[in-house]
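These notes concern the structure reproduced below.
The values are calculated or read from the model by the stated rules, or taken from the named source; none is laboratory data. Everything numeric in this text was worked out from a predicted model, so none of it was measured. Methodologically, a virtual Cβ is constructed for each residue, glycine included, from the backbone with ideal geometry; neighbour enumeration extends over all protein chains shown. When the accessible area is computed, the model is the full protein with side chains, heavy atoms only, and any ligands, DNA or RNA have been set aside. Shrake-Rupley method; radii C 1.70, N 1.55, O 1.52, S 1.80 Å.
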Amino acid sequence: MFMRKWPGVLIAFEGIDGSGLSTHSKLLYEYLTSIGYQKVYLTKEPTNSPIGNLIKDILQRRTSNLTARPDLMALLFASDRIYHLFYEPIRWNNKIIKGIMRALEEGFIVITDRYVYSSIAYQSIHDKKNNVRLSFNDVMRINWFVPDADIVVFLDVPLSICLERIKNVRGIIEAFENIEYLSEVYNNYIKLLDELKNKNIHIIVVKGVDEKGDVRSIDEVQDEIRRRVIDVLRHEIID
């Protein structure tokens, strides 16, 4: 049984870019609202704050003044996360709730497309070009103010499939989106998920391919996510 940190539930979707985070977080949000959960909020990182928009500009190479070195990105993401946790406006019943922390305190199920675990996986990297190496502990210290999620849904999709989806959907590859870099990020995720098992977090790993190596459909993946999340909500978190 979970030790409740707040009346609400924080569900974080994690995985490599192209694994389907935006698609499946949105589908889960729509499903939960459709079956009667009234206070559900869908959000994502980076946010649409000025800092979040700067992060997107750097990642998509829309600014020539800054490059996506891991120490810079870790600090920017942490700053954007402060906005996310404490200032992001959430409109509900003709009032505005400030930040997802407040929403959790008011009993919302908050679904976030990426959270602090993305920072740990993506920024705990040896950037040989800039001679910068961050450890898990370095990134976690920068994010000292961030509480853990209640549920982490990790979409485990082969890197080759992720990169192909990125090319097909966006037509462009963001900074460091290549097999070598993403392989290191993926290994960080696997290590991190193993460490999170020792915390009071429910880890849900959903494979993007079946036992034969064939890509599973969106419906197949989403059905598994719904079943496993609902099982946790009904039997371990929400009475």
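The set of residues from the range 92-101 being at pLDDT 95 or above and open to solvent by 10 Å² or more (accessible area, probe 1.4 Å) comprises I96, K98, M101. So, G18, is that one in contact (Cβ under 8 Å) with a residue 24 or more places away in the chain, touching a helix residue (DSSP H, G or I) at 6+ places or on another chain (Cβ under 6 Å) and at positive phi or not? Yes; evaluated as a whole, the condition is true for this residue. Looking at L72, L28, L85, can you tell me which residue is in a helix (DSSP H, G or I) and open to solvent by 10 Å² or more (accessible area, probe 1.4 Å)? When all the criteria are applied, what remains is L72. Selection over the range 224-238 of residues that are over 19 Å from the mean Cα position of the chain (by Cα) and open to solvent by 30 Å² or more (accessible area, probe 1.4 Å) gives a count of 6. Taking the listed residues I111, I120, I90, I96, the one that is under 15 Å from the mean Cα position of the chain (by Cα) and assigned to a strand (DSSP E or B) is I111, with no other qualifying. Residues in the range 116-135 that are loosely packed, with under 14 Cβ neighbours inside 10 Å and of a type in the set (F, W, Y): none.
Restricting attention to the range 33-58 and to residues that are in contact with a Phe, Trp or Tyr (Cβ under 8 Å, 6 or more places away or on another chain) and not in a helix (DSSP H, G or I), the residue that is surrounded by the most Cβ atoms within 10 Å (Cβ to Cβ) turns out to be P46.
Whenever a residue of the range 143-157 is open to solvent by 10 Å² or more (accessible area, probe 1.4 Å), its partners that are part of a strand (DSSP E or B), lying with C-beta atoms within less than 6 angstrom and at least six residues away or across chains, give the pairs D156/V205; D156/K207. Is it fair to say K26 is modelled with pLDDT of 95 or more and either among the charged types (D, E, K, R) or under 25 Å from Y87 (Cα atoms) (or both)? It is true that K26 is modelled with pLDDT of 95 or more and either among the charged types (D, E, K, R) or under 25 Å from Y87 (Cα atoms) (or both).
Taking the conditions exactly as written (among the hydrophobic types (A, V, I, L, M, F, W, C) and within 30 Å of R234 (Cα to Cα)), does L10 satisfy them or not? Yes; evaluated as a whole, the condition is true for this residue. Set side by side, the residues D113, D80 differ, and just one is touching a Pro at 6+ places or on another chain (Cβ under 6 Å), open to solvent by less than 50 Å² (accessible area, probe 1.4 Å), at pLDDT 95 or above and among the charged types (D, E, K, R), which is D80. Report yes if some residue within the range 163-178 is of a type in the set (F, W, Y), over 26 Å from D223 (Cα atoms) and touching a residue at least 24 places away in the same chain (Cβ under 8 Å); otherwise report no. Yes, the range 163-178 has at least one match. Can you say whether I203 is closer than 23 Å to K5 by Cα, touching a helix residue (DSSP H, G or I) at 6+ places or on another chain (Cβ under 9 Å) and among the hydrophobic types (A, V, I, L, M, F, W, C), as far as the supplied structure shows? So I203 passes the test.
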